[in-house]
Each structure stands twice: as structure tokens, then as C-alpha cells.
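> Before I ask anything, here is the structure I am working with.
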Amino acid sequence: MARFFKYKSPSEVSAEALALGHEMALASDLAPLFTPLRIGTVTVGNRLVVQPMEGCDGTLDGHPDELTFRRYRRFGAGGAKVLWGEAAAICDAGRANSRQLLVAEHTLAGLEQMLRECRQAHRDAFGSDSDLLVGLQLTHSGRYSYRQPLLATHDPVLDPLTRNREAGRAVSPSDPLLTDDDLARIEDDYVTAARRVANIGFDFIDLKQCHRYLLSELLAAKNRPGKYGGSLENRTRLVRNVLGRIRRDLPELMVATRLNCYDGIPYRGEGVGDNFIGQPCPHELPLVTAFGTDSQDHRREDLSEPIAVARMLRDAGVSLINVSAGNPYANPHVVRPAEFPPVDGYHAPEHPLLGVARHFRIARQIQAAVPEIPVVGSGYSWLQDFAPHAAAANVAAGYVSLAGFGRATLAHPDFARTLAAEGRLNRKQICRTFSYCTAMMRAKQHPLGQFPTGCPPFDKEAYGEIWQQIQDQR
Ligand SMILES: Cc1cc2nc3c(=O)[nH]c(=O)nc-3n(C[C@H](O)[C@H](O)[C@H](O)COP(=O)(O)O)c2cc1C
């Protein structure tokens, strides 16, 4: 079935990368992954991170539910020492789907239970949780808010691709933007959510600035008028204001951020069947609303602004940066290099190894720009059996401080424990990037408006039947 991933050893991956024009080291010694690291005031026991992975399995009013609790117990028992809790909305209007977690007064007991069960599972498995960090990603979905798009700015290529569900049409250039007053209220919502999350004991919050949700779109909003658009200072105003208030009011709370350092531009599939391949959408130059992207050539990064933002946030008190890229709806091959496309996607327009190399290249430059704070790299799952070898090489070389695993963790939540014990992953649980999880995330024909997501091939017990229901509807 595999089209691209045909490697039998780490050195074959390096050789292919080189043939494609990129140096990518893969180490045979995985020990660097198991060296402790100081993050803020905590020393974590290894360099392995469970990336934020939304399960879309909360209740309609934003509580974690049975599958959510189960996921965090499994992550807790899994052995990674940084658990980057998934996207949880700071307000109901900013939720990305009807089952996204919400940080509100009425959900705090549930979120606290999720955290408690996660930590307990870690203690049960390892005896202590003193070297474990658990955070929560605070999000406002902006243009991808499910009730209606809440726009930071207009984007000539993205607007026609962004659906306004209520209006039954795409976003149009005359649709209003969130006003400066709206954004000021959203700042308040962020600070309130941070306080709530700190009070129930999460170790850190993530001010989410990736994947073209609200704060990510603001970074790109060069064409927005007023005090939140135009200059880089204005485009970072919201995040800096929130950070300043958190530092003042909640000095003990560790603040992290997941930062898009390269947006690229939207792609769309062209062709039929296996030849339905991603192509860049028609666009005009210079690009104005693509953060971290060369304004004359969307395929190239221009990291001058992302580096400036990383330094600005470090100076303002961010202790941890998780580097990501792309837009899961508009250029999924950038966010998650994959063997097979998701239902709403197209076949890879580039070798997935190039997508992995892009993630590595970008994270390395951000880490080099802010050596004082740890950077987490993304985009490892496509490397499958050999993801740990690339992670170990990147950590050993100091290119990143930690390696984040996304889809891989749904298939193999105990990947870190298995690696530590056996020196390799369990072949029967390795994510093959067939995009079941994304397909489930995109399935909305459920009585609650959203199917939960997970890994049906490797977690049949929880997701086998749910996957079948989705198939039956097709
Ligand atoms: C089902 C699913 C849920 C995700 N949820 C989140 C999320 O809540 N927040 C986030 O920043 N990224 C989210 N992502 C992106 C992943 O964290 C990760 O960046 C991406 O899958 C690429 O990493 P990988 O190659 O290790 O999978 C999600 C991805 C998938 C497939």
C-alpha cells in the first residue's frame, strides 16, 4: 500500500533525503531522547512530547467525556514527559467544532478530572509524576469557528475556501472582520481562561498561534487596518497583551506557545482518482497574508518575522515554543506529511519527506534564534519506525530540545515507554499516516454534530465501531 515510505533502516531515510536535496540525520543511539531537560521550573524526564491532539469527543457544552478521559489516561501512562493538552476553546463562539473542549466555569471540574486521571496514570506506571509536565492549549478558532467564521483579516485565497455554515456560502470580501473591541474582549477571555486552567493545576498553558486559527491569522494580518494589523508590533499586540497580563496576574504559570512559522498558501486537488494531486491555488504576488512565507514564492520560508516573534515572546516570558506550519484545511501536506490524503484532501504534491524536512529546517532555525528556551519540533509521524531516530539526532545536535509526536500517539500512546524499554517502537502500533484520524475529525453527520476521532486500525476497541458508522453513512 505504501507509496513513499519503503525504508528498511534509518540510513535509507537519510539517503533518500539526500537524494531529494536535504541532509537529515537519523541516529542509532536513542539515549539523547531520555536525557532530562529543565523547562521553566520543572525538570522533565525525557525529550518526548505528546502533541496537542484534539479528540472531538467532548460534550456539547464543552466538558471532557469518556473518550477524552481515556485518551489522557493513556497518554499519562505512555511515558512521554511533556503532554501538550489539546485545543480547548477560550469562549464558545471560538470553538472549532461542537465537541471541542471549552474552558469555562462549568467545565473546570471535568478538565480537572482529566488532568488528575492523567497524572494518576503516570504515577501508576512510573511511580512518580514529578518529572512530568502537562499543559493545555488555549484556542480561539477565528475563521474556523464552527458556528460562523470570525475573521481577523481577509485573505484573497483563503476566503473563497472558508465556509460560512450559517450563511450557506463561502466567506466574501464584504464580510465584517472582528473589530478591535472584539479582539480586546478576546484578550480578556484568554486571561480568564489562563487563570481557570492555572487554578485547576495544569503546569502550563499554550497561547495557540498556529494552523491559521485566530492568533495565527493575526500574525499574517498585514492588510488589517487598525491597531491589530499592519506592522509586526500591531499583529502581535493581542498575544503580547495577554502574555503581559498573565505574567502580572499569574506569575507562577508557565506560558508556552505553538507557533506557525510558515503558513504557505492554500492548495487544491486537481486530476482524478490517484492523480488528484495538490496544486497551489491561483494567487497574486506579492503575498501579503502568509506569515513566514517568501512574498514572491510561496514554497520558500522567510523566517525573519517568525524569528522576531520567537525572540519577542521569549523576552515577554514565554518558556517553551512548539513550532508548527501550514493550515490543516488548506494545505494539510504542510502540517502533516502523510502517505495517504484525508477525505477532504489531495494526494501529496511533494514527497512527504520534503514536508518532514521543512518542519525540521524551520524548527532548527527557531531553536537557534532562542537558545535560552526549549523548542519542540513537529511533523515526525510520517517517519514511522524511524521517527525516534530522527528525533534523537535532532535533539543530540541541539536542533530542537524536544520532539513532538502527533498522529503517532493515537496509534501508539505508550510509544515513549516502549522505546525506553525495547529501544524501538512496537511495529504493530506504528501510525502509517493513512489519515483515518483526520477523516473522523471531518465527519460531522453525528447527532452531536461531530464524530470523535482516534485511530481505528490500532485502537479498534474504542474506534472500530465509530469508524464503521462513518463508513455506513457514505
Ligand atoms: C486528529 C488530529 C487532531 C489534532 N489536534 C490538534 C490540536 O488540538 N492542536 C494543534 O495544535 N494541533 C493539532 N493537530 C496537529 C498535530 O498536533 C500535529 O502537528 C500534526 O499531526 C503533525 O504531527 P505528526 O506528523 O506527528 O502527526 C491535530 C492533528 C490531528 C490529525
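The values are calculated or read from the model by the stated rules, or taken from the named source; none is laboratory data. In this text, all values refer to a predicted model and were calculated from it rather than measured experimentally. When we count neighbours, we look across all protein chains shown, and the Cβ atoms used for this are built from the backbone with ideal geometry, even at glycine. Only protein heavy atoms, including side chains, enter the accessible area calculation; ligands, DNA and RNA are left aside. Shrake-Rupley method; radii C 1.70, N 1.55, O 1.52, S 1.80 Å.
> Any residue that is open to solvent by 10 Å² or more (accessible area, probe 1.4 Å), assigned to a loop (DSSP other than H, G, I, E, B) and under 20 Å from VAL370 (Cα atoms) - is there at least one of those in the stretch 204-212?
yes
> Pick from GLY229, GLY201: which is on the phi > 0 side of the Ramachandran plot and either outside any helix (DSSP H, G or I) or in contact with a strand residue (DSSP E or B) (Cβ under 6 Å, 6 or more places away or on another chain) (or both)?
GLY201
> Which residue is farthest from the ligand (Cβ to nearest atom), if the candidates are limited to the stretch 27-52 and must be open to solvent by 30 Å² or more (accessible area, probe 1.4 Å) and in a helix (DSSP H, G or I)?
Only one residue tops the list, namely ALA31.
> Right, something else. Scan the stretch 348-359 and tell me whether some residue there is touching a residue at least 60 places away in the same chain (Cβ under 8 Å), touching a strand residue (DSSP E or B) at 6+ places or on another chain (Cβ under 8 Å), of a type outside the set (Val, Ile, Thr) and under 27 Å from SER401 (Cβ atoms).
yes
> Do you know which of the residues in the stretch 394-408 that are more than 8 Å from the ligand (Cβ to nearest atom) and within 16 Å of the chain's Cα centre (by Cα) is surrounded by the fewest Cβ atoms within 10 Å (Cβ to Cβ)? Outline the logic, then answer.
Let us first name the residues in the stretch 394-408 that are more than 8 Å from the ligand (Cβ to nearest atom), namely 394-403.
Adding the requirement that they be within 16 Å of the chain's Cα centre (by Cα) leaves 402-403.
Details: LEU402: 27, ALA403: 30.
Restricting to residues being more than 8 Å from the ligand (Cβ to nearest atom) and within 16 Å of the chain's Cα centre (by Cα), the top hit is LEU402.
> Go through the stretch 4-26 and report how many residues are assigned to a helix (DSSP H, G or I), in contact (Cβ under 8 Å) with a residue 12 or more places away in the chain and either surrounded by fewer than 13 Cβ atoms within 10 Å (Cβ to Cβ) or under 25 Å from the mean Cα position of the chain (by Cα) (or both).
Residues meeting the conditions: 2.
> Could you run through the stretch 344-368 and say how many residues are in a helix (DSSP H, G or I), open to solvent by 40 Å² or more (accessible area, probe 1.4 Å) and under 28 Å from ASN275 (Cα atoms)?
1
> Looking only at residues that are more than 13 Å from the ligand (Cβ to nearest atom) and crowded, with 23+ Cβ neighbours inside 10 Å in the stretch 369-385, which one is farthest from ARG258 (Cα to Cα)?
PRO374
> Something else: Residues in the stretch 449-468 that are touching a residue at least 12 places away in the same chain (Cβ under 8 Å) and either over 26 Å from ALA330 (Cβ atoms) or under 21 Å from the mean Cα position of the chain (by Cα) (or both): how many?
Taking the stretch 449-468 first, the residues touching a residue at least 12 places away in the same chain (Cβ under 8 Å) are 449-459, 462-463, 466-467.
Add one more test, that the residue is either over 26 Å from ALA330 (Cβ atoms) or under 21 Å from the mean Cα position of the chain (by Cα) (or both), and what stays is 450-459, 462-463, 466.
Going through the stretch 449-468 one residue at a time, the tally reaches 13.
> Can you tell me which of GLY94, GLY78 is within 20 Å of the chain's Cα centre (by Cα), over 19 Å from ALA403 (Cβ atoms) and not hydroxyl-bearing (Ser, Thr, Tyr)?
Unique residue meeting the criteria: GLY94.
> Under 24 Å from the mean Cα position of the chain (by Cα) and farther than 26 Å from VAL318 by Cα, is that true of LEU177?
When the stated conditions are applied, LEU177 does not pass them.
> Still on this structure, please answer the following. If only one of GLY76, GLY85, GLY55 is in contact (Cβ under 8 Å) with a residue 12 or more places away in the chain and either away from the ligand (no atom under 11 Å from the Cβ) or assigned to a helix (DSSP H, G or I) (or both), which one is it?
GLY76
> Residues of the stretch 154-204 being among the basic types (Lys, Arg) and modelled with pLDDT of 95 or more, which ones?
Residues satisfying the conditions are ARG169, ARG185, ARG195, ARG196.
> Separate question: Among the residues of the stretch 236-261, which ones are assigned to a helix (DSSP H, G or I) and open to solvent by less than 10 Å² (accessible area, probe 1.4 Å)?
Of everything in the stretch 236-261, those that are assigned to a helix (DSSP H, G or I) and open to solvent by less than 10 Å² (accessible area, probe 1.4 Å) turn out to be LEU238, VAL239, VAL242, LEU243, ILE246.
> Provide a single number: the residues in the stretch 420-436 that are open to solvent by 20 Å² or more (accessible area, probe 1.4 Å) and within 11 Å of the ligand (Cβ to nearest atom).
1
> Moving to a separate point now. Those residues that are outside any helix (DSSP H, G or I) and either of a type in the set (Gly, Ala, Ser) or within 9 Å of the ligand (Cβ to nearest atom) (or both), I need them from the stretch 321-343; list them, please.
ASN322, SER324, ALA325, GLY326, PRO328, ALA330, ARG336, PRO337, ALA338, PRO342
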